[in-house]
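Here the structure is laid out as structure tokens; the discussion comes afterwards.
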Amino acid sequence: MTLEKEVPFDFDFKYTPGEPQTRDYPGDGPEVEIVKVRLNGVEIPLSAITEQMQQEMVEQVLENYY
């Protein structure tokens, strides 16, 4: 039996806007870096967060903030 429960994390991030495309430069997209993750006020090491979880956090930032 597997029990899954969604748990909200609080996280801090650093956002770098992308650069627009020009005639001589193909441009690039924005970058989001997760810098700190907390659960119930306790900081969790980034090494304990899976790549999939980090990607979901990045997507949440891009959808809700920028």
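Between VAL7 and ASP28, what's the calculated FRET efficiency when r is the beta-carbon distance and R0 is 22 Å? Round to 0.05.
0.10
Which of the chymotrypsin sites (Phe, Trp or Tyr not before Pro) across the range 1-53 are loop residues per DSSP, with 15 or fewer other Cβ within 10 Å?
Sites meeting the loop and neighbour criteria: PHE9.
Counting only GluC sites (Glu not before Pro) that sit in a DSSP loop (anything but H, G, I, E, B) with at most 16 other Cβ atoms within 10 Å, what is the longest stretch of the chain containing none of them?
Looking at the chain, 7-66 is the longest stretch - no exposed GluC sites (Glu not before Pro) with at most 16 other Cβ atoms within 10 Å.
Longest exposed-loop-site-free stretch of the chain, with trypsin sites (Lys or Arg not before Pro), DSSP loop and at most 15 other Cβ within 10 Å?
24-66
Where does helix 51-64 land angle-wise versus the long Cα axis of the chain, in degrees 0 to 90, nearest 10?
Tilt of helix 51-64: around 60 degrees.
Where Rh is the Kirkwood radius over the Cα pairs of the chain, the temperature 4 °C and the viscosity 1.567 mPa s, what D in µm²/s does Stokes-Einstein return?
Approximately 94 µm²/s, per Stokes-Einstein.
Among ASP24, ASP12, which comes first, then next, by fewest other beta-carbon atoms within 10 Å?
By the 10 Å Cβ count, ascending, the order reads ASP24, ASP12.
The numbers here are math on the coordinates, done by the rules we state, and not lab data. Model, not experiment: these values are computed from the prediction. Methodologically, a virtual Cβ is constructed for each residue, glycine included, from the backbone with ideal geometry; neighbour enumeration extends over all protein chains shown.
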